[in-house]
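Reading through the structure tokens given below for one structure.
The values are calculated or read from the model by the stated rules, or taken from the named source; none is laboratory data. Keep in mind the model is a prediction, meaning the values are calculated, not measured. When we count neighbours, we look across all protein chains shown, and the Cβ atoms used for this are built from the backbone with ideal geometry, even at glycine. Remember, those area values only see protein heavy atoms, side chains included, never the ligands or the DNA or RNA. Shrake-Rupley method; radii C 1.70, N 1.55, O 1.52, S 1.80 Å.
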Amino acid sequence: MQELALHIMDIVQNSIAAKANLMYITIEENIHYHTLLVEVCDDGIGMTAQQVQLVTDPFYTTRTTRNIGLGVPLLKKQAENTGGKIRVDSALGKGTTVSALFHTESMNMLSLGDINAVILLLITANPALDFVFERRVCKENEIENKKSLVDTRELKQVLGEEISLSYPDVVLWLKNELKEMENDLET
Amino acid sequence: MIIVKTLAELKAIKDKVRRSVEIREHAEAETKILVGMATCGIAAGARPVLTVFVEELAKREIQNVMATQTGCMGDCQYEPVVEVISAGKEKVTYVKVTPEMAKKIVEDHIIGGNIVTEYTIGAARQ
């Protein structure tokens, strides 16, 4: 997978499989330290300490269709290739957080890729679940830090119960919204 | 703040939808398009395929069909795999789907009601 966005999508699939209802997807770019932090935090079923240890092993999986699981090991490899690392925190019955730190100046750094397409799909293909997507850009001077956020709980409050996030007009609106969020970060 | 302005736009969408008679009593989709989104599917290019389904349905204002994602269906060599499940009909499985094929599936199968036989798993296995 040649885009970090696809790895993020893959990790979020684990959260969905773990019956999460709410997922925080955070991407923090630090211009000063040349790092990129990606975090996926969910309220799913969580893992035991032993499962947490096993999760970075490609020969461990909870799936039943085949017996290897590559999501977390691939992300780990990508992070380590840049001199970064990953961390998995989990508590049974509470949820799991997967964080990955990348050094953006490394020649092995992946491009973030089309993260907006990933977020749009996650939200519109899973309208019953909630996502908080946050992007932060940290600069040398803290005052210049930028932040943008989409919270589906907020969108659902506006839409009410009868209109789903997968409703055609809403999908197109959200696509545009994510684009504007990105433009906002870049200015 | 940008979000306040755009939430007003979202509210306008809601009001528009409410006014239209299109909204049905039962919001349950009559047809589901499932795209396999496990590691195998994503790596094989499932994301642009699901994007085509979501956006084509939105652009054409098709409301009784839902494009969604599922896990690994066990046929990783055939990814991206797409299943079309319609109430009262047999499930159709499309394999090695590209964005172009996804568009044709929307046009021929979802809108036209004709299964694109050459894209199905049955054709791929022959």
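Per residue, the accessible area of chain A comes to 48 Å² when a 1.4 Å probe rolls over the protein heavy atoms. If the segment from B:Glu100 to B:Asp75 were pulled out straight at 0.36 nm per residue, it would be longer than the present Cα-Cα gap by 6.9 nm.
Bridging of A:Lys94 to lysines at a Cα separation below 28 Å is possible for A:Lys19, A:Lys76, A:Lys77, A:Lys85, A:Lys147, A:Lys156, once same-chain residues fewer than 8 apart are set aside. Averaging the Cα positions of each part gives two centres, and for the stretch A:76-105 and the stretch B:85-119 these lie 38 Å apart. Anisotropy class assigned to chain A is oblate, per the alpha carbon gyration tensor with a/c at or over the 1.5 cut-off and a/b no larger than b/c. Rounded to the nearest 20 debye, the dipole size of the stretch B:25-125 about its Cα centre is 240 debye, using +1 on the Cβ of Lys and Arg and -1 on the Cβ of Asp and Glu. Taking θ as phi - 60° and the Karplus parameters 6.51, -1.76 and 1.60, the scalar couplings of the stretch A:126-136 work out to 10, x, 7, 9, 10, 10, 10, 10, 10, 10, 10 Hz in sequence order, x denoting glycine and proline.
Pairing chain B with chain A buries about 3500 Å² of accessible area. This figure sums both sides and uses a 1.4 Å probe.
Among the GluC sites (Glu not before Pro) found in the stretch B:26-68, those both in a DSSP coil and sparsely packed, with 15 or fewer other Cβ atoms within 10 Å of their Cβ, are B:Glu28, B:Glu30, B:Glu61. Interface burial in the stretch A:112-161 reaches 50 Å² or more for A:Leu121, A:Ala125, A:Val158, comparing the full protein assembly with the chain by itself; accessible area from heavy atoms with a 1.4 Å probe.
Counting only protein chains, not ligands or nucleic acids, how are A:Tyr167, A:Tyr24 ordered by accessible area (probe 1.4 Å), most first? Mind dumping the intermediate values first?
On the way: A:Tyr167 30, A:Tyr24 90 Å².
Highest to lowest solvent-accessible surface, that is A:Tyr24, A:Tyr167.
For the stretch B:25-125, a Kirkwood hydrodynamic radius built from all Cα pairs, placed in the Stokes-Einstein relation at 10 °C and 1.306 mPa s, yields a translational diffusion coefficient of 119 µm²/s.
In chain B, what percent of the accessible surface is made up of carbon and sulfur (1.4 Å probe, ligands and nucleic acids excluded)?
Values: 3360 of 6530 Å².
With neighbouring chains kept in place, the figure for chain B is 51 percent.
The count of lysine pairs in the stretch B:25-125 whose Cα atoms are under 15 Å apart, excluding pairs fewer than 8 places apart on the same chain, comes to 5. Partnerless cysteines in the protein assembly as shown, where a partner means another cysteine C-beta under 4.7 angstrom, comprise A:Cys41, A:Cys138, B:Cys72.
Apply the a/c threshold of 1.5 to the C-alpha gyration tensor of the protein assembly as shown and tell me whether it is rounded, prolate or oblate. Please report the intermediate quantities before stating the final value.
Working: a/c = 1.77, a/b = 1.18, b/c = 1.50.
It comes out oblate by the Cα gyration axes.
The relative contact order of chain A, computed from alpha carbon pairs under 8 Å that lie at least 6 residues apart in sequence, is 24 percent.
Solvent-accessible area per residue in the stretch B:12-126 equals 50 Å², computed with a 1.4 angstrom probe and all protein chains kept.
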